[in-house]
Structures are given as structure tokens and as C-alpha cells.
1. Examine the range 15-26 for a residue that is surrounded by 13 or more Cβ atoms within 10 Å (Cβ to Cβ), outside any loop (DSSP other than H, G, I, E, B) and touching a Lys or Arg at 6+ places or on another chain (Cβ under 6 Å), and state whether such a residue exists.
2. Which ones in the range 1-14 are farther than 15 Å from Thr86 by Cα and exposed (fewer than 13 other Cβ atoms within 10 Å of the Cβ)?
3. Could you say whether any residue in the range 33-54 is under 18 Å from the mean Cα position of the chain (by Cα), among the aromatic types (Phe, Trp, Tyr), surrounded by 15 or more Cβ atoms within 10 Å (Cβ to Cβ) and at negative phi?
4. Could you give every pair whose Cβ atoms fall below 7 Å, whose first residue belongs to the range 2-13 and is touching a residue at least 24 places away in the same chain (Cβ under 8 Å) and among the aromatic types (Phe, Trp, Tyr), and whose second residue is surrounded by 12 or more Cβ atoms within 10 Å (Cβ to Cβ) and assigned to a strand (DSSP E or B), counting only separations of at least 6 or pairs across chains?
5. Counting only residues that are free of Cβ contacts under 8 Å to residues at least 12 places away in the same chain, give me the strands (runs of 3 or more DSSP E) lying completely in the range 39-91 with at least 1 of them.
6. When you scan the range 22-52, how many residues do you find that are of a type in the set (D, E, K, R), out of contact with any helix residue (DSSP H, G or I) (no Cβ under 7 Å at 6 or more places or on another chain) and farther than 30 Å from Cys70 by Cα?
7. If Ala26 passes every condition in (1) over 14 Å from the mean Cα position of the chain (by Cα); (2) without any contact (Cβ under 8 Å) to a residue 24 or more places away in the chain; (3) more than 14 Å from Gly83 (Cα to Cα) but one, which one does it miss?
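A short reminder: the numbers here are calculations on the coordinates, not readings from a lab. Only a predicted model underlies this, so the values are computations on that prediction, with no experimental measurement involved. Cβ: placed from backbone, ideal geometry, glycine included. Neighbour counts: every protein chain shown.
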Amino acid sequence: MEERDFFDERTEPRTHTLVCSKCGVAGEYQLNWLVRRKKRQLSGRADDRDRARFAKAQNYMVLRDDTANCSNPRCRKRFEIAGIKTMAFID
């Protein structure tokens, strides 16, 4: 079985405060995260190895966006997102 068979996936926007690397203005930006939550039960076609992997699996989020557009009307340049981890475990 693949790892995706253990999780329910959905995209979820979250708001973060970021600073533009070009102009230095801070702003609120919505970033898209891929949220993977562990399924309640494993399907019946799993073997012992899959059950062991499923027992160790945890809920987590992966950042989908790697750049953002500056919200400053005078700048509006695209900058890389820095200062935020690209993966986070959740409860």
C-alpha cells in the first residue's frame, strides 16, 4: 500500500504574517497547505507490514506554496516564502 492510502487529504488555506524580501513590508498572506489526516481504520487488504506503518503514521501538513506576491501596492513583486517550516505535524 502507498502512504496516501493511510491518509485523507485536503487543501486548507491558513493566514501567515510574512515580510517581503524586496521592500521589507510585512503583510498577511493566505498560504495553501495540504493537510493529511490519518484514517480511522486501515482497509482490509493490508498486510502486517502495512499495519505496522499505519500504527506509526501521524497527521501532518505540507506547505504547497513556495512564493507569494507582495501586498504593497508600490512593490507587488513575487518573493520566496521564508521563515515558515514546509512541513508540520498536527494533533
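1. no
2. Glu2, Glu3, Arg4, Asp8, Glu9, Arg10, listed by residue number.
3. yes
4. Phe6/Lys38; Phe7/Arg36; Phe7/Arg37; Phe7/Lys38
5. Because the criterion is at least 1 residues that are free of Cβ contacts under 8 Å to residues at least 12 places away in the same chain, the strands (runs of 3 or more DSSP E) in the range 39-91 that meet it are 67-69, 78-80.
6. 8
7. For Ala26, the exception is condition (3).
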